[in-house]
Amino acid sequence: QVQLLESGGGLVQAGGSLRLSCAASGGTFSRYAMGWFRQAPGKEREFVAGITRLGKGTSYKDSLKGRFTISRDDAMNTVYLHLNNLEPEDTAVYYCAADAKWGVLTVPGEYDYWGQGTQVTVSS
């Protein structure tokens with residue numbers, strides 16, 4: 001059983017940056033593919049970025065490439081999401097997720113474990 005705890009959200013002005021962290025416990029972190037998703041009010045949860053076990057590969061929502069970067073530190077049992085040049089449309093609750101499958105997982109249903117989320121609000 002893996003527990004995930006996100007942190008790093010907050011209120012930021014458009015054009016600003018944030019770094020989200022997701023700390024994992026209760027499992028062997030390096031054995032899990034990790035992902036970040038977000039959900040804005042009234043919208044479905046959407047894929048943001050994913051990273052394979054051991055960080056061998058990454059994938060991003062096409063429209064976010066170049067602004068968001070996912071990384072992991074297996075020694076710290078933590079996955080990060082760097083958000084740059086933020087836009088008001090990025091306002092959402094950001095969730096991290098984990099699963100033991102191989103590859104980059106881009107669909108919410110592929111993940112077994114979820115954090116509680118962290119709110120990101122971007123003001124114009």
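Kindly provide the set of residues from segment 72-91 that are open to solvent by 40 Å² or more (accessible area, probe 1.4 Å) and out of contact with any Ser or Thr (no Cβ under 8 Å at 6 or more places or on another chain), ordered by number. Answer for segment 72-91, where residues must be open to solvent by 40 Å² or more (accessible area, probe 1.4 Å) and out of contact with any Ser or Thr (no Cβ under 8 Å at 6 or more places or on another chain): 73, 75, 76, 87, 89.
Just checking, does segment 92-100 include any residue being of a type in the set (D, E, K, R), more than 22 Å from residue 10 (Cβ to Cβ) and either surrounded by 14 or more Cβ atoms within 10 Å (Cβ to Cβ) or touching a Leu at 6+ places or on another chain (Cβ under 9 Å) (or both)? Looking for residues that are of a type in the set (D, E, K, R), more than 22 Å from residue 10 (Cβ to Cβ) and either surrounded by 14 or more Cβ atoms within 10 Å (Cβ to Cβ) or touching a Leu at 6+ places or on another chain (Cβ under 9 Å) (or both), one finds at least one in segment 92-100, hence yes.
Residues of segment 51-71 that are of a type outside the set (S, T, N, Q) and either part of a strand (DSSP E or B) or open to solvent by less than 40 Å² (accessible area, probe 1.4 Å) (or both): 51, 55, 57, 60, 64, 65, 67, 68, 70. Here segment 64-105 is the region considered, the condition is being over 14 Å from the mean Cα position of the chain (by Cα) and among the aliphatic types (A, V, I, L, M), and the residue that is nearest to residue 34 (Cα to Cα) is 100.
Scanning segment 1-14 for residues that are of a type in the set (A, V, I, L, M) and open to solvent by 40 Å² or more (accessible area, probe 1.4 Å) yields 5, 11, 14.
Checking 77, 85 one by one, the residue that is touching a Phe, Trp or Tyr at 6+ places or on another chain (Cβ under 6 Å), modelled with pLDDT of 95 or more and among the polar types (S, T, N, Q) is 77 and no other. For segment 36-80, enumerate the residues that are of a type in the set (Asp, Glu) and touching a strand residue (DSSP E or B) at 6+ places or on another chain (Cβ under 9 Å). Correct list: 46, 73. Cβ separations smaller than 9 Å between residues 6+ apart or across chains give the following pairs from segment 104-118 residues that are in contact (Cβ under 8 Å) with a residue 12 or more places away in the chain and part of a loop (DSSP other than H, G, I, E, B) to residues that are among the acidic types (Asp, Glu) and buried (at least 16 other Cβ atoms within 10 Å of the Cβ): 105/99; 111/99; 112/99; 115/6; 116/6; 117/6.
Name the residue that is nearest to the chain's Cα centre (by Cα), counting only residues in segment 28-62 that are β-branched (Val, Ile, Thr) and at pLDDT 95 or above. Filtering segment 28-62 for residues that are β-branched (Val, Ile, Thr) and at pLDDT 95 or above, the one nearest to the chain's Cα centre (by Cα) comes out as 48.
Only residues that are assigned to a strand (DSSP E or B), more than 16 Å from residue 118 (Cβ to Cβ) and open to solvent by less than 40 Å² (accessible area, probe 1.4 Å) were counted across segment 15-50, and they come to 3.
The values are calculated or read from the model by the stated rules, or taken from the named source; none is laboratory data. Just so you know, these numbers come straight off a predicted model, no measurement behind them. Note: ideal-geometry Cβ built from the backbone for every residue, glycine included; neighbour counts use all protein chains shown. In case anyone asks, the SASA skips ligands and DNA or RNA and just uses the protein heavy atoms, side chains included. Shrake-Rupley method; radii C 1.70, N 1.55, O 1.52, S 1.80 Å.
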